[in-house]
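Colleague: One structure coming up, written as structure tokens, with questions to follow.
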Ligand SMILES: *Cc1c(COP(=O)(O)O)cnc(C)c1O
């Protein structure tokens with residue numbers, strides 16, 4: 001399939017119709033004022049029903065997804081999400097109006113509360129808000145919590161420190177919460193050391209935002225000592241826990257001195273993502289910060305669940321109603337299906353798969369940081385006759401989604417590979433096979449890679465123009 005699907009516009013012929021319905025037996029304009037009606041659409045395609053169906057089927061087949069194949073996009077945890085959790089999220093009994101009286105939705109509130117209890121147990125934090133809609137939104141809410149806490153102490157402070165191996169959303173969240181984001185270097189082992197931190201600690205430092213495991217896939221092993229240094233300085237530790245897939249059931253950040261953290265339900269806990277659909281970025285806090293969590297808070301009161309809306313110390317609302325409830329349903333269903341005894345297997349297998357790929361690719365690609373990696377591994381294009389982008393584009397020709405490219409920035413031509421736990425050894429071996437083929441091509445015929453992809457419906461795009469002037473819809477006479 002080397003061409004874009006034939007467009008219904010080009011198949012349009014006057015008089016073709018999809019399906020014939022009888023004429024309406026009520027006057028056509030009885031209901032609406034003429035001036036409320038839009039003018040007839042010019043150029044509306046006239047095609048048969050089967051042509052419409054084929055058009056949309058062909059477009060749908062252009063999509064790549066984890067249901068279609070391997071998706072090792074680093075830092076994104078594009079794992080397979082069991083379909084049973086989708087099914088459960090559609091149960092009619094769970095659908096409720098957000099204004100429904102609390103007495104009528106005790107079951108829904110129970111789901112919210114049980115998920116919070118699971119997250120508390122997995123992380124060792126004292127409580128969670130499930131309101132934020134995404135990871136970055138969670139970071140922002142977390143920063144507001146830190147801000148409110150320091151304001152109450154009468155010592156607001158100005159600076160948030162962020163290691164250069166952190167996720168890119170971190171400085172943006174700190175900035176929007178009113179802080180100055182200051183980057184600090186990680187050390188030769190690829191982590192933040194106490195020495196680097198101490199060099200930047202001062203009376204104006206509100207917090208450190210640390211991604212753990214960081215974007216090199218390396219566990220920040222000095223985290224507990226770093227927490228102590230921060231606390232001694234009157235600062236707080238924020239942990240970006242979007243990479244929790246590597247830690248779940250094994251490490252409890254609350255026990256390492258973390259004050260605030262977020263999780264990504266749409267990465268670790270079975271909500272499909274990538275298309276911009278609803279997500280969830282719950283924020284967990286240590287006990288002293290509980291009063292600042294956003295409202296509404298769902299709390300147990302004897303046998304009942306109550307919802308608290310006004311709490312003067314809370315940072316207030318960060319999202320309408322309770323957050324994305326059906327994402328919470330998927331997460332709870334996922335955790336209950338795993339059971340407490342199997343949760344850790346997710347992290348163990350995710351780490352095992354990443355390390356298997358690391359071992360098999362180590363001889364082929366430069367590995368700039370030798371420290372043990374967890375759920376993902378970052379290679380460099382140093383020493384290769386082609387660039388990271390060429391390899392990524394060639395992967396498309398072999399029907400594989402590329403890894404994350406050129407991130408983190410501290411690695412030259414970074415290739416960040418996260419296989420996740422849901423892939424079999426056979427799939428990983430196939431991927432290694434494809435990489436061996438591509439690297440062979442890179443030696444023998446590097447131009448082939450520079451022109452890739454050659455087998456996809458759309459060839460290599462002008463990346464700058466595609467971002468600056470995206471063509472998102474077909475227009476007659478425009479070249480695509
Ligand atoms: C994905 C990710 C985020 C941002 O999460 P969104 O839901 O995309 O806003 C933040 N930090 C890390 C480490 C991530 O991998």
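The values are calculated or read from the model by the stated rules, or taken from the named source; none is laboratory data. What you see is a predicted model, and the numbers here were worked out from it, not measured in a lab. A quick note on method: Cβ atoms are made from the backbone with ideal geometry, for glycine too, and the neighbour counts reach across all protein chains shown.
Colleague: Here are the criteria: (1) outside any loop (DSSP other than H, G, I, E, B); (2) buried (at least 18 other Cβ atoms within 10 Å of the Cβ); (3) touching a residue at least 60 places away in the same chain (Cβ under 8 Å). Tell me which single one residue 420 does not satisfy.
Modeller: Only one criterion is unmet by residue 420, namely (1).
Colleague: In the stretch 243-261, which residue that is more than 14 Å from the ligand (Cβ to nearest atom) and assigned to a helix (DSSP H, G or I) is nearest to residue 217 (Cα to Cα)?
Modeller: Result: 256.
Colleague: Further question on the same structure: Just for helices (runs of 4 or more DSSP H) wholly inside the stretch 132-230: which have at least 1 residues that are within 12 Å of the ligand (Cβ to nearest atom)?
Modeller: Answer list for the stretch 132-230: 135-152, 169-176.
Colleague: Now for a separate question. Could you check how many residues of the stretch 423-438 are more than 14 Å from residue 354 (Cα to Cα) and surrounded by 22 or more Cβ atoms within 10 Å (Cβ to Cβ)?
Modeller: Qualifying residue count for the region: 2.
Colleague: Can you tell me which of 270, 280 is within 16 Å of the ligand (Cβ to nearest atom), assigned by TED's automatic domain parsing to the domain that holds residue 134, crowded, with 23+ Cβ neighbours inside 10 Å and at positive phi? Steps first, answer last, please.
Modeller: Details: 280 fails: at positive phi.
Exactly one of 270, 280 is within 16 Å of the ligand (Cβ to nearest atom), assigned by TED's automatic domain parsing to the domain that holds residue 134, crowded, with 23+ Cβ neighbours inside 10 Å and at positive phi, namely 270.
Colleague: Only one of (1) surrounded by fewer than 20 Cβ atoms within 10 Å (Cβ to Cβ); (2) under 15 Å from residue 236 (Cβ atoms) fails for residue 142. Which number is that?
Modeller: (1)
Colleague: From the list 82, 40, 101, which one is more than 16 Å from the ligand (Cβ to nearest atom) and closer than 30 Å to residue 167 by Cβ? Can you show your working first?
Modeller: On the way: 40 fails: closer than 30 Å to residue 167 by Cβ; 101 fails: closer than 30 Å to residue 167 by Cβ.
The conditions single out 82.
Colleague: Any idea which residue in the stretch 300-342 is surrounded by the most Cβ atoms within 10 Å (Cβ to Cβ), counting only those that are touching a strand residue (DSSP E or B) at 6+ places or on another chain (Cβ under 7 Å) and touching a residue at least 40 places away in the same chain (Cβ under 8 Å)?
Modeller: 305
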